[in-house]
Each structure stands twice: as C-alpha cells, then as structure tokens.
1. Counting helices only, and only those DSSP H runs with n ≥ 4, report the 222 nm mean residue ellipticity of the chain as the sum of -39,500 (n - 2.57) divided by its residues, in deg cm²/dmol to the nearest 500.
2. Can you list the equivalent-ellipsoid semi-axes of segment 1-133, largest first and in whole Å, using the square root of 5 times each Cα gyration tensor eigenvalue?
3. What distance in nm separates the two pseudo spin-label positions at Asp81 and Trp286, each 7 Å out from Cα along the beta-carbon direction?
4. Kindly give the semi-axes, whole Å and largest first, of the ellipsoid equivalent to the chain, taking each as the square root of 5 times a Cα gyration tensor eigenvalue.
5. Heavy atoms of the protein only, probe of 1.4 Å, neighbouring chains included. What is the accessible area of Arg182 in Å², nearest 10?
6. Once whole DSSP H runs in the chain are found, which of them have Cα atoms spread over 18 Å or more along the helix axis and a mean Kyte-Doolittle score of at least -0.5?
7. Compute the distance from the alpha-carbon center of segment 95-140 to that of segment 18-46, in whole Å.
8. Using only Cα atoms, what is the ratio of the radius of gyration of segment 63-102 to 2.2 N^0.38 Å?
Amino acid sequence: MADNHQLATQLFGQQNKHLKQIERSLNVRIGSKGGELHIEGDPLQVSLAQRLLEELYVLLQEGYPLYPTDIDYSIRILSADSKAHLRDIFLDTIFVSARNKVLTPKSLAQKHYIDAIRTSDVVFGVGPAGTGKTYLAMAMAVSFLMKKEVSRIVLVRPAVEAGEKLGFLPGDVAEKVNPYLRPLYDALFDMMDFEKGQALIDKGVVEVAPLAFMRGRTLNDAFVILDEAQNTTAEQMKMFLTRLGFGSRAVVTGDVTQVDLPSGRISGLVEAMRILKGTEGIQFNWFSDQDVVRHPIVQSIVQAYERAASRPSSSQTEPVLSEKP
C-alpha cells in the first residue's frame with residue numbers, strides 16, 4: 001500500500017511495532033513484504049485496519065510524527081466513525097507550547113469541542129476526567145490571547161470543600177483557596193514558560209481566581225474558563241454566566257458524576273444543561289471514556305466506575321446523574 005519506503009518504515013514502526021500494536025488492538029494478522037501489507041481476520045476488523053493504515057499514511061505524508069498513543073486514538077476515532085479523516089483532527093493545530101509541543105485534538109469529541117469554542121460565545125465541556133476539557137480550553141484561551149482576539153484570560157474555579165473545611169487550613173484567604181486553583185496554574189505553565197506566565201499574571205493579563213471573587217464584575221474582551229463547574233450552585237452558575245461582557249467568551253467544564261456539593265444542593269452545571277439547552281450562541285459538548293487522553297489505565301478506571309454506577313447498589317444513596325439533559 002505504501003509507495004515510499006521511508007514513509008512505509010515510519011508507518012510500520014521500528015521492528016514493525018506499529019503493525020503489532022494494530023494486530024493486538026483489532027485482533028487481525030498483518031503480514032508485510034517490502035511495502036506491501038496483507039491483512040487477515042474478521043472482515044469488519046480487516047476493513048477497519050486497512051482504513052486505519054491508509055489514514056495514518058496520509059498523516060505521515062503531511063509530516064505528522066506518529067506515536068503509539070496516536071494509533072490508539074486513531075482506532076477509537078475510526079471505530080466510532082469509519083468515514084472520519086484523521087488529518088482533519090490531528091493536523092488541526094490549536095497552539096504550540098513554549099516547549100514546542102504541538103497541541104491538537106485527539107478525538108472526534110475534542111475536535112467538535114475546539115470548533116465550538118471558535119464559533120460560540122459560551123461552550124460547555126462535560127465529561128469524565130482525562131478527556132482534555134480544561135487543557136484544551138486553556139490552549140484555546142492562550143491562542144486567542146496571542147492572536148489578540150481577547151485582551152485577557154480569566155480562569156475560575158469554585159472552592160468547594162471535599163472532605164476538609166477551609167477554615168481549618170492554615171493561612172489567609174488567598175493561601176486557603178490556592179490549592180483549588182493549582183490545576184489551572186499547572187495547565188497555564190504547561191502552555192508557556194513559567195516566567196512569561198507569571199509575568200502575565202502579575203500584569204493582570206491572566207487572572208486565576210475562585211468563583212466567589214467574580215460577583216459584581218463585568219468581564220469585557222476576555223476569555224473566561226470556569227473549571228469544575230459541577231461544584232457550582234445554581235445561583236453561582238447564573239452569576240458566572242451573567243458576568244460576560246462585550247467581546248468575551250466563556251468555556252465551562254465539569255464532570256456531573258463528581259459533584260462535591262452538600263447533599264440536597266443542585267449542581268449549577270446540571271441545571272444549566274437543562275435550562276440552556278437549545279439557547280442560541282451556547283453549545284454543549286459531551287465527552288466519554290473513549291475520549292480519555294491520559295495514561296491508558298485512566299480509561300479503564302472511568303469505564304469501571306461507569307459500570308459500577310449503572311448497577312443498583314444498597315450503598316448508593318443518591319441517583320447517578322446522566323450527562324446529557
């Protein structure tokens with residue numbers, strides 16, 4: 001299938017490791033002779049393997065460096081949509097970090113998510129941990145700032161106590177809430193070097209703050225990210241969404257299966273999904289375990305918890321929330 005020896009070598013992998021990975025994943029047998037491949041197995045899996053190899057070859061022709069994780073992501077994508085084109089996803093560069101790391105979507109849901117951020121005023125990203133909801137939103141925010149499409153970035157998180165009271169923690173208010181904001185700092189400093197990121201924070205170009213600090217403000221010309229939104233109350237969510245001013249856009253991320261609010265309190269994210277469905281200018285994007293882009297074990301963990309949540313249990317005191325309204 002390959003007409004270029006160098007590209008064929010990259011496609012097959014060192015000592016055919018890429019082909020072996022595909023064989024294991026799709027339960028097929030792949031034989032190679034020169035640049036020719038012969039695939040045996042279940043007809044549907046053979047067809048998927050052929051399509052996968054053709055799509056990966058196109059990526060290599062475009063200069064894309066192929067890693068084993070990309071093959072896993074590609075199999076998920078083509079298994080979900082056999083007509084998908086990997087180049088439209090993997091070559092959609094969002095941002096190039098300070099370490100020359102090229103950030104691109106790795107799933108159909110991630111691609112739809114960043115396209116929604118480009119075109120809508122308010123975007124919700126809802127799904128389990130490890131699906132890139134916050135990280136991609138941060139990459140888009142930095143990209144918008146660098147292109148001068150916004151003049152500042154505002155990163156917000158609710159400071160909800162998960163098993164430990166803030167009042168018992170040492171330090172002043174800023175020191176007490178800082179641990180809740182740490183993940184946002186980590187994502188920011190992964191996009192740009194520490195000195196540049198800290199300089200933008202010092203100048204107020206990038207602001208990282210607890211949600212409570214947003215009350216009474218109007219945010220103009222800003223890219224605003226609300227992370228861990230499942231831990232907002234209904235009142236807090238409404239307050240946040242009504243902070244947006246002219247030239248601003250917001251991305252709201254959360255996982256409705258990990259609500260840390262006191263028993264009896266409705267999650268602002270869950271309510272927003274119900275109330276705002278169909279509202280012009282607002283898009284909802286749902287992620288599943290198939291979109292997990294962390295260590296492969298994370299996907300297995302998410303799937304295990306989802307299976308457990310779907311089974312009735314005597315210890316289960318509250319209903320499990322559905323992700324889609």
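1. Result for the chain: -13500 deg cm²/dmol, rounded to the nearest 500.
2. 29, 17, 12
3. According to this spin-label approximation, the distance is 1.6 nm.
4. Calculated on Cα positions only, the semi-axes equal 39, 24, 18 Å.
5. Accessible area of Arg182: about 90 Å².
6. Membrane-span-like by this rule: 43-61, 68-80, 133-146, 173-191, 296-310.
7. Between the Cα centres of segment 95-140 and segment 18-46 lies a distance of 32 Å.
8. Its radius of gyration relative to the 2.2 N^0.38 Å reference: 1.29.
The values are calculated or read from the model by the stated rules, or taken from the named source; none is laboratory data. Please read these numbers as outputs of a predicted model, since none were measured by experiment. Here the Cβ is made from the backbone with ideal geometry for all residues, glycine too, and neighbour counts use every protein chain on show. The protein model used for the area step is the full one, side chains on, heavy atoms only, and it has no ligands, DNA or RNA in it. Shrake-Rupley method; radii C 1.70, N 1.55, O 1.52, S 1.80 Å.
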